[in-house]
Amino acid sequence: MGEMMTDSQTEKNLYEAFVGEAKACLRLLGYAEQADKEDLPVIAKLFRAISAAERIHALKHLRLLHEVEDTQSNLERSFEREQSVFENVYPELIRIAAEEGNQPAQRSFTHARDAEEFHAALYKKALDRTMEDEEASYFVCGVCGYVTDEDPPEVCPVCDAKREMFFQPE
Ligand code: FE2
Ligand code: FE2
Ligand code: FE2
């Protein structure tokens, strides 16, 4: 019993630590962008280096939580998450932001909701065929997070950003 309790507390702690490290990883990227804006490239580099380290911590904790499965399952889970986020989570967040008159948050949530729908579609596509031997390139809108497996459009269908805002992740 004592051992089981220890295990389950550690599982919870792994999850908490994962969330904390994942947040730190992204927060530090935000700080790096800000340092770049302030023309402090050395500090930006420091933030990016520590962010990379927090990413390692987050991924290790995640692995120990057994949340990373085989790729078929990971595609299925990812599809389900995107669907639930655009069908259930964001609509409610958008509604509340509108109610509270927080337009920047409302727009950010709306962009995310609309982009998630496209993310789900890309996962669906991957699930419906064997991707192994197919070449695919993905372009991400740097403003809203829309992703396409075709050439980047002249104008983003989610946020109207111009083609130059698209980038190809590594
Ligand atoms: Fe860390
Ligand atoms: Fe998404
Ligand atoms: Fe966009």
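The values are calculated or read from the model by the stated rules, or taken from the named source; none is laboratory data. If you're wondering where the values come from, they're calculated on a predicted model, not measured in any experiment. With ideal geometry, Cβ positions are generated from the backbone for all residues, glycine too; neighbour counts draw on all protein chains shown.
Does region 120-134 include one or more residues that are in contact with a Ser or Thr (Cβ under 7 Å, 6 or more places away or on another chain) and either closer than 27 Å to residue 21 by Cβ or surrounded by 13 or more Cβ atoms within 10 Å (Cβ to Cβ) (or both)? Steps first, please.
Quick first cut of region 120-134, residues in contact with a Ser or Thr (Cβ under 7 Å, 6 or more places away or on another chain) only: 123.
Narrowing the set further to residues that are either closer than 27 Å to residue 21 by Cβ or surrounded by 13 or more Cβ atoms within 10 Å (Cβ to Cβ) (or both) leaves 123.
The answer is yes; a qualifying residue exists.
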Per the filter on region 135-159, residues surrounded by fewer than 11 Cβ atoms within 10 Å (Cβ to Cβ) and closer than 25 Å to residue 104 by Cα are 154
Exactly one condition in (1) away from ligand 3 (no atom under 16 Å from the Cβ); (2) among the basic types (Lys, Arg); (3) touching a strand residue (DSSP E or B) at 6+ places or on another chain (Cβ under 9 Å) is false for residue 124; which is it?
(3)
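Please find, among 78, 137, the residue that is within 29 Å of residue 152 (Cα to Cα), among the small types (Gly, Ala, Ser) and at pLDDT 95 or above. Break it down into steps so the answer makes sense when it comes.
Details: 137 fails: at pLDDT 95 or above.
Going through 78, 137 in turn, the sole match is 78.
Among the residues of region 127-170, write down those that are outside any loop (DSSP other than H, G, I, E, B), farther than 24 Å from residue 76 by Cα and within 10 Å of ligand 3 (Cβ to nearest atom). Write out each step before concluding.
Keep residues of region 127-170 that are outside any loop (DSSP other than H, G, I, E, B), which gives 127, 139-141, 147-148, 155, 162-167.
With the extra rule that they be farther than 24 Å from residue 76 by Cα, the set shrinks to 155, 162-167.
155, 162, 165, 166 - these are the residues of region 127-170 that are outside any loop (DSSP other than H, G, I, E, B), farther than 24 Å from residue 76 by Cα and within 10 Å of ligand 3 (Cβ to nearest atom).
When you go through 29, 40, 46, 64 one by one, which is the residue that is away from ligand 2 (no atom under 16 Å from the Cβ) and within 26 Å of residue 8 (Cβ to Cβ)?
Numbers: 29 fails: within 26 Å of residue 8 (Cβ to Cβ); 40 fails: within 26 Å of residue 8 (Cβ to Cβ); 46 fails: within 26 Å of residue 8 (Cβ to Cβ).
Among 29, 40, 46, 64, only 64 is away from ligand 2 (no atom under 16 Å from the Cβ) and within 26 Å of residue 8 (Cβ to Cβ).
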